[in-house]
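The values are calculated or read from the model by the stated rules, or taken from the named source; none is laboratory data. All of these numbers come straight from a predicted model, not from anything done at the bench. Every residue, glycine as well, gets a Cβ built from its backbone with ideal geometry; the counts of neighbours run over all protein chains shown.
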Amino acid sequence: MHAFFDSSALVPTLIDEPSSELCKRILTSSELRFSSRLTYVETSAALAKAARIGRITPAEQASAWDAFEETWGYFLLVGMHDTVLRSAARFTQAHALRAYDAVQCASAFAVADEHFCAVSGDRRLLKVWQAEGMRTIDVNRLR
C-alpha cells in the first residue's frame, strides 16, 4: 500500500492517542509513505499544543520531535507547486475546506495511484477525499 499521512495520522505515531496503534501499524506496513511538506509545520504545532495544554510534558515533546525528525526522512514529500496550489484553491471553493486542509487534500491527489490510500483522523478532510473518489482510512474509526 502507498499511504498519504496528514498530521492527524502522523502525530499519533509520536504521542499516545487512541489511534496510535493503528497509525503505527499503517506507517510500518506501507510500502511508500507520502505527506505534504505542510505536515512538518502542522506536526510541530500539534506537539507544541499538546505540551502547552499539559497532555505531554516538555520532555515528551522533545522526545516526540526527535522521533518525528527521524521518521520524516522516510516520507516522500509533496511540495506546494502550482498544480497542488491550484487544486487546493478549487477544494476551498468546492468543499469549503480551510487552506491547510485544502493543501493536504490536493497533495494526496497529486501522488495518488491504484495502490494509494489517504490516512487521516480529520473528518472534514476524509469526507472530501471520499467524495472525490479517494480510498481512505479513518484512524478514529478503525482501532
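So the values come out like this:
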{"item": "Some residue of segment 67-80 being over 16 Å from the mean Cα position of the chain (by Cα), within 27 Å of residue 133 (Cα to Cα), modelled with pLDDT under 95 and of a type outside the set (A, V, I, L, M)", "result": "no"}
{"item": "Selection from segment 13-26 of residues that are closer than 22 Å to residue 73 by Cβ and in contact with a Leu (Cβ under 8 Å, 6 or more places away or on another chain)", "result": "13, 14, 15, 23"}
{"item": "Hits in segment 91-109 (condition: over 14 Å from the mean Cα position of the chain (by Cα) and either surrounded by 14 or more Cβ atoms within 10 Å (Cβ to Cβ) or not in a helix (DSSP H, G or I) (or both))", "result": "91, 92, 95, 96, 97, 98"}
{"item": "Contacts under 9 angstrom Cβ, first residue in segment 115-137 being within 17 Å of residue 2 (Cβ to Cβ), partner acidic (Asp, Glu), 6 or more apart", "result": "115/31; 118/6; 119/6; 119/138; 120/6; 120/138"}
{"item": "Wholly within segment 1-88, helices (runs of 4 or more DSSP H) carrying at least 1 residues that are without any contact (Cβ under 8 Å) to a residue 12 or more places away in the chain and farther than 24 Å from residue 105 by Cβ", "result": "20-29, 38-52, 58-72"}
{"item": "Criterion (at negative phi and in contact with a strand residue (DSSP E or B) (Cβ under 8 Å, 6 or more places away or on another chain)) met by exactly one of 115, 81", "result": "115"}
{"item": "Residue match in segment 9-18 (condition: surrounded by 15 or more Cβ atoms within 10 Å (Cβ to Cβ), modelled with pLDDT of 95 or more and in contact with a strand residue (DSSP E or B) (Cβ under 8 Å, 6 or more places away or on another chain))", "result": "yes"}
{"item": "Segment 110-143: number of residues that are more than 12 Å from the chain's Cα centre (by Cα) and either among the aliphatic types (A, V, I, L, M) or assigned to a strand (DSSP E or B) (or both)", "result": "8"}
{"item": "Filter result for residue 124 (over 15 Å from residue 9 (Cα atoms) and touching a helix residue (DSSP H, G or I) at 6+ places or on another chain (Cβ under 9 Å))", "result": "no"}
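For every residue, the table says whether it meets (1) within 17 Å of residue 125 (Cβ to Cβ); (2) in contact with a strand residue (DSSP E or B) (Cβ under 6 Å, 6 or more places away or on another chain); (3) among the β-branched types (Val, Ile, Thr).
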{"position": "3", "(1), (2), (3)": "yes, yes, no"}
{"position": "23", "(1), (2), (3)": "yes, no, no"}
{"position": "29", "(1), (2), (3)": "no, no, no"}
{"position": "32", "(1), (2), (3)": "no, yes, no"}
{"position": "56", "(1), (2), (3)": "no, no, yes"}
{"position": "59", "(1), (2), (3)": "no, no, no"}
{"position": "76", "(1), (2), (3)": "no, yes, no"}
{"position": "105", "(1), (2), (3)": "yes, no, no"}
{"position": "109", "(1), (2), (3)": "yes, no, no"}
